[in-house]
1. Sort out which residues of segment 519-575 are of a type in the set (Gly, Ala, Ser), assigned to a loop (DSSP other than H, G, I, E, B) and in contact (Cβ under 8 Å) with a residue 60 or more places away in the chain, and write them in order of number.
2. If we only count helices (runs of 4 or more DSSP H) wholly inside segment 55-150, which ones have 1 or more residues that are more than 36 Å from the chain's Cα centre (by Cα)?
3. Tell me the strands (runs of 3 or more DSSP E) entirely within segment 211-273 that contain at least 3 residues that are away from ligand 2 (no atom under 16 Å from the Cβ) and open to solvent by 50 Å² or more (accessible area, probe 1.4 Å).
4. Return the residues of segment 504-517 that are part of a helix (DSSP H, G or I) and surrounded by fewer than 23 Cβ atoms within 10 Å (Cβ to Cβ); say none if nothing qualifies.
5. Enumerate the pairs (first residue in segment 317-331 and under 15 Å from residue 341 (Cα atoms); second residue anywhere and acidic (Asp, Glu) and not in a loop (DSSP other than H, G, I, E, B)) with beta-carbon separation below 6 Å, excluding pairs fewer than 6 apart on the same chain, so at least 6 apart or on different chains.
6. Could you figure out which of (1) within 13 Å of residue 497 (Cα to Cα); (2) buried (at least 23 other Cβ atoms within 10 Å of the Cβ); (3) in contact with a Leu (Cβ under 7 Å, 6 or more places away or on another chain) isn't true of residue 576?
7. Six or more apart or on different chains, Cβ under 7 Å: which pairs go from a residue in segment 760-787 that's surrounded by fewer than 22 Cβ atoms within 10 Å (Cβ to Cβ) to one that's assigned to a helix (DSSP H, G or I) and not small (Gly, Ala, Ser)? Could you list them?
8. Kindly check whether there is at least one residue in segment 545-561 that is open to solvent by less than 20 Å² (accessible area, probe 1.4 Å) and closer than 30 Å to residue 475 by Cβ.
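The values are calculated or read from the model by the stated rules, or taken from the named source; none is laboratory data. Fair warning: this is a prediction, and the values are worked out from it, not measured in the lab. Positions of Cβ are generated from backbone atoms using ideal geometry, with glycine treated the same way; all protein chains shown enter the neighbour counts. Quick note on the areas: whole protein, heavy atoms, side chains included, nothing else; ligands and nucleic acids left out. Shrake-Rupley method; radii C 1.70, N 1.55, O 1.52, S 1.80 Å.
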Amino acid sequence: MDNHKLCSYCAAIDFEYLQNPTVDSILRLNKGAEIYGEYPFKFDTSDLVGPRWRLGTQQRIDESAATCPLCRAIVAVLDDSNLRSQKSALFAENPICQADIYWSAALKPPSETQWKLPASVSQGRFDRGSFSFYLRRMSLRWHSFESGESLEPGSIETTLDVVPRSWTVLNECFQTLDPEHHAATADLFHDERILSSQQLFGGRKRPALIDLELPKCWLKECLANHGQNCSRKDGVRKPKIISVFRLIDIEDKSLVEFQNADLENFRYATLSYIWGITPQRLQLKHGNLRALTSAGALNGTVSKTIEDAITFSSRMRLPYLWVDALCILQDDDDDKSTQIGSMGDIYKCALFTIVAGSGHDAEAGLPGLNLPRTAEQHEVLVKPATHGRPPIRLLSTLTPRRSHWAHYAEDLHWSSRGWTLQEKVLSRRVLTFTDQQLFWACRKCQWWEEAFLETNLAKTNWFSVQEREFVLDPSVAHSCVPEDPQAQVWYQLARLVRDYGERRLTIQGDAHDAFSAVLNECTSFVQEPFLWGLPASARFEIGLCWEPYREGLARREGLTTLPATTLKRKVPFPSWSWIGWEGAVVIRFEDKYIDEGIEPQVLCYILRNSPLRLVKVSRVAADNPRHVQVNFMIQNTKPTTPLAITLDAIYSNCPGLTPDRMSDTPDDELLFFWTEISRFTLSGPVKRTLRTSQRDHEIGQFEVLDAEGNVVGLTGACRTTVVEARGVKKDVEFVVIANNRPIQYPPQKIVLQVEQRDGVAYRVNIAEIREESWNSSIPNRVLIALG
Ligand SMILES: [Zn+2]
Ligand SMILES: [Zn+2]
């Protein structure tokens with residue numbers, strides 16, 4: 001195979017960039033030696049854009065594959081990716097291909113160790129005394145030929161200028177492989193056979209079936225050395241008791257029930273998987289509960305993914321497994337409420353969560369457990385050993401990605417489903433089975449089968465993995481946010497909300513339940529309760545300023561799946577909450593929005609029943625229905641401040657909201673606040689296309705016109721499929737919720753576009769209108785009931 005020489009195009013690539021460190025070199029660095037001059041211990045001249053080489057046209061590569069082993073591997077990688085059929089128009093015109101080498105991970109010293117750089121290199125560059133080296137991988141990109149473009153072999157001068165034309169990329173499709181040591185070894189952290197010449201962080205051949213010694217070794221390492229970060233016990237927090245806890249008994253293949261169980265006393269795994277449209281083979285119901293507790297009842301009766309999860313748990317020597325379909329009574333709303341209320345704790349207390357990342361339903365199974373994986377890793381010797389330098393050998397990766405920052409799980413169908421997000425976020429340790437390989441993620445480390453990453457000699461931060469893991473944990477700090485734990489939690493929540501909005505729920509009514517564990521977890525960190533996904537605190541009013549992210553939103557019709565509130569009724573999702581809408585949103589809970597100049601202008605009260613009362617939203621946590629008789633009386637007296645609201649004020653200001661109607665309104669549906677209301681004309685939509693590395697987004701926004709027809713504001717994005725496609729002009733009502741006074745721009749009013757029905761206003765969209773224009777429209781002061 002390797003007897004063939006590289007073609008002149010491939011031979012021009014400087015593969016030295018891809019070198020990985022050896023055990024010996026890292027040990028020397030850790031002991032204080034200065035090592036510099038050879039990759040990865042070297043900085044390239046282009047820090048932000050990696051080096052690139054021309055590979056000629058795709059047709060040339062196809063022809064050269066007969067003789068050049070790298071061209072042959074490129075063709076194989078391209079064919080495995082299905083890119084030729086997905087981008088058939090581009091490939092029909094024989095595109096130009098180039099090879100890029102770019103940073104994949106930062107390489108840092110282990111805790112309490114510093115690496116030294118020669119003074120000549122570090123001068124003026126790393127004044128904080130800490131720095132990283134970088135591990136690199138090779139990507140391939142294709143674009144259409146432009147006249148005048150060189151087709152000669154050689155490197156391409158790279159600049160930071162944004163390239164206007166579109167690219168198609170397979171990111172990180174080649175990594176280096178240590179030719180001498182590439183087989184999986186059992187206990188990699190402590191294996192004495194590891195030689196000082198062995199390379200770390202390189203590629204590894206992954207077998208067709210998973211070598212279970214690998215996940216066992218990962219779990220062992222995490223339990224032994226990751227301490228509190230990954231521990232399921234919180235130390236200070238109270239025991240996690242659940243009135244009925246059902247588990248699958250792995251050995252007995254049956255269901256077991258525990259009463260008033262403390263979750264932390266059980267050794268079990270949880271399963272996160274897709275139900276899909278194929279009905280599950282077996283679900284727990286009142287009618288089969290007794291039968292399923294007898295030994296062997298689950299033998300051959302459960303869906304394939306669940307069966308595989310039982311097998312895997314058994315091989316990992318766990319006594320129990322928790323699976324929603326079999327551990328929650330599917331025909332009992334009360335049991336569902338209890339279990340869903342404890343879902344966060346159930347996932348958090350599990351030893352690990354098995355993510356079934358393959359397929360579209362519960363019949364997909366766990367690839368690599370009994371069913372061999374088929375994707376191939378292509379190996380190429382690109383540089384023979386010379387003058388004491390080891391040879392360089394490439395190994396194609398199993399999951400090349402379409403965007404540099406795309407996480408390996410991003411394209412899985414599992415990641416598009418609503419319920420799976422909180423299952424992942426709450427889990428301390430996650431084993432993800434994809435069609436190609438097995439991945440580990442805990443709060444401290446990420447490991448996977450196709451690369452040799454198990455070492456404590458140095459730390460690595462894989463940009464596409466570590467920074468993109470969905471967690472809610474202030475100890476896992478993101479580099480773009482201040483290290484303050486609260487700031488970390490609000491930032492992480494914002495990312496989760498945005499991602500959640502893009503996911504699909506089979507039942508729209510699950511929208512709150514499927515995210516409630518994340519909100520509860522958030523409360524445990526920031527000590528603020530939530531009301532329909534908004535913080536019920538002094539942050540609530542700025543929270544109302546949430547806006548659509550990129551595309552617009554669609555209203556979630558229908559009612560909650562489970563009865564909610566004291567009326568024990570299935571209720572509609574309020575329009576003022578982002579949970580009441582489908583689509584990605586940007587929430588504004590972080591302090592930075594206040595710092596940037598947003599000043600809420602309303603003070604919200606929420607209506608509660610039994611007995612009927614108004615509660616200031618920032619005081620919801622202190623609301624106690626047993627003591628409200630007193631408050632109730634107070635609230636019927638005259639308000640003492642301009643923003644305070646009483647029930648009497650509502651009866652006299654909101655026609656249609658009678659005491660009878662209010663008593664029949666479920667808790668936490670209606671918000672009341674004093675504000676200004678005015679009318680403007682909408683014109684549009686103005687459409688534009690936003691290009692991102694993943695896909696194009698069609699964005700439509702309306703212009704806000706004043707009485708003279710001047711453009712004085714802009715609405716948030718609307719779904720272009722939802723809004724009328726042609727030019728529309730219509731009169732609409734807006735209510736103010738905040739001022740926005742950024743330093744360098746004219747002051748704006750943040751307003752909600754509302755529609756009134758039977759005395760209640762409903763949010764349609766958000767908009768910003770110039771403050772000056774708002775004031776000259778002569779708005780009225782009103783008491784608004786927002787539903
Ligand atoms: Zn070649
Ligand atoms: Zn860990």
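1. 536, 537, 538, 552, 575
2. 58-64, 69-81, 119-122
3. Where strands (runs of 3 or more DSSP E) fall fully within segment 211-273 and carry at least 3 residues being away from ligand 2 (no atom under 16 Å from the Cβ) and open to solvent by 50 Å² or more (accessible area, probe 1.4 Å), they are 254-262.
4. Within segment 504-517, 508, 509, 510, 513, 516 qualify.
5. 329/335
6. Evaluating residue 576 over (1) within 13 Å of residue 497 (Cα to Cα); (2) buried (at least 23 other Cβ atoms within 10 Å of the Cβ); (3) in contact with a Leu (Cβ under 7 Å, 6 or more places away or on another chain) leaves (1) as the failure.
7. 783/650; 783/653
8. Yes.
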